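Accompanying notes for the structure given below.
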Amino acid sequence: MANVGAVVATVTGVIALLLHSSVHKIEEGHLAVYYRGGALLTTPNGPGFHIMLPFITTYRSVQTTLQTDEIKNVPCGTSGGVMIYFDRIEVVNMLVPSAAVDIVRNYTADYDKTLIFNKIHHELNQFCSVHTLQEVYIELFDIIDENLKLALQKDLNAMAPGLTIQAVRVTKPKIPETIRRNFELMEAEKTKLLVSAQTQKVVEKEAETERKKAIIEAQKVAQVSEIHFQQKMMEKETEKKISEIEDAAFLAKEKARADAEYYTAEKTAQANALKLTPEYLELMKYQAIAANSKVYFGQDIPDMFVDNGAFQPRIQHEEDTVSTDLLESLGKAKKTKKAHRTDSKGG
């Protein structure tokens, strides 16, 4: 009975060992490639649990998603003979699942050592050997990663299609301490120069700002002066218009008064012309005699009161005098009216 128990236990242990050796798990993003007796099988398996022949078949898990390979402490000699070291270079790459079997067959499951690690060493030394320390450390450092990426991808397209390089990141190389201090001093001087240049720009900017402020202030003063000038011009124009209106009103008033005086004189002259009849003159003669305050008494009365022949020349003289005065009045009135008409036309 004890022997049966031992046999069952032994069989159970063997079965468990076989299952443990045959059942395996593949993670997501990986691909399993199989070797049977050392020969690579052509059928890979994807993620999940799989069974293989124990002790005869082995497998390797190959990542088919983005992965980052790190190459550390890469030596590099410049064209001037200075040895520098790149502390870390990172290469981001991805393997296409369909090309996994061919790449593993040609370069083993550790293909990245052959295709990436060794290639990085080679391309970086090629770059450093044709450039000076100044170029590698400062001037051309920003293009090293891009050059490495292009060189790697060019060779991979020919040697291992299906393996692509996504990015290359290169850290600043380590250089001898004495040279590093010199570079630091040089950078410090450059920094001072940049600070001086920036200070100069700030001063120039402040001066430009002050100049613009002065221009704006001057423009404001000029605009205010122009507004005051326009205001004074408008006031003068208003005063001029008021003066013109007052002058026109005065001229019209004077013209109306002159016309009235002319009309009065004309009508007076016409009236006088109508009044100066022989009968009116005779009446005026007797009124003049009646108004005389001298009275003569005696037998010899002066001839002027009796003799018509002696009195007639005096009457004729008075008529001539009145007519002359009337004509002169009419002439003056006509001249005044003509002068007013001329002034009206000129205005």
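The values are calculated or read from the model by the stated rules, or taken from the named source; none is laboratory data. Keep in mind the model is a prediction, meaning the values are calculated, not measured. All Cβ positions, even for glycine, are placed from backbone atoms using ideal geometry, and neighbour counts span all protein chains on display. Only protein heavy atoms, including side chains, enter the accessible area calculation; ligands, DNA and RNA are left aside. Shrake-Rupley method; radii C 1.70, N 1.55, O 1.52, S 1.80 Å.
Mind checking which residues of the range 47-82 are modelled with pLDDT of 85 or more, of a type in the set (Phe, Trp, Tyr) and exposed (fewer than 13 other Cβ atoms within 10 Å of the Cβ)?
Passing the criteria: only 49.
Mind listing whichever residues of the range 49-76 are in contact (Cβ under 8 Å) with a residue 60 or more places away in the chain and either within 22 Å of residue 174 (Cα to Cα) or acidic (Asp, Glu) (or both)?
Listed by number, the list holds a single entry, 76.
Going by the conditions given, is residue 153 more than 20 Å from residue 73 (Cα to Cα), touching a strand residue (DSSP E or B) at 6+ places or on another chain (Cβ under 8 Å), part of a helix (DSSP H, G or I) and not aliphatic (A, V, I, L, M)?
Criteria met by residue 153.
Condition test on residue 90, is it more than 30 Å from residue 39 (Cβ to Cβ) and touching a Lys or Arg at 6+ places or on another chain (Cβ under 6 Å)?
Spelling it out, residue 90 is indeed more than 30 Å from residue 39 (Cβ to Cβ) and touching a Lys or Arg at 6+ places or on another chain (Cβ under 6 Å).
Filtering the range 46-86 down to residues that are in a loop (DSSP other than H, G, I, E, B), β-branched (Val, Ile, Thr) and touching a Leu at 6+ places or on another chain (Cβ under 7 Å), which residue is farthest from residue 110 (Cα to Cα)?
82
Show the residue pairs meeting these rules: Cβ distance below 6 Å; 6+ apart or different chains; first residue within the range 240-262 and open to solvent by less than 100 Å² (accessible area, probe 1.4 Å); second residue aliphatic (A, V, I, L, M) and in a helix (DSSP H, G or I).
From residues that are open to solvent by less than 100 Å² (accessible area, probe 1.4 Å), the pairs are 262/333.
For the range 84-113, what are the residues that are open to solvent by 70 Å² or more (accessible area, probe 1.4 Å) and without any contact (Cβ under 8 Å) to a residue 24 or more places away in the chain?
Those that are open to solvent by 70 Å² or more (accessible area, probe 1.4 Å) and without any contact (Cβ under 8 Å) to a residue 24 or more places away in the chain: 108, 113.
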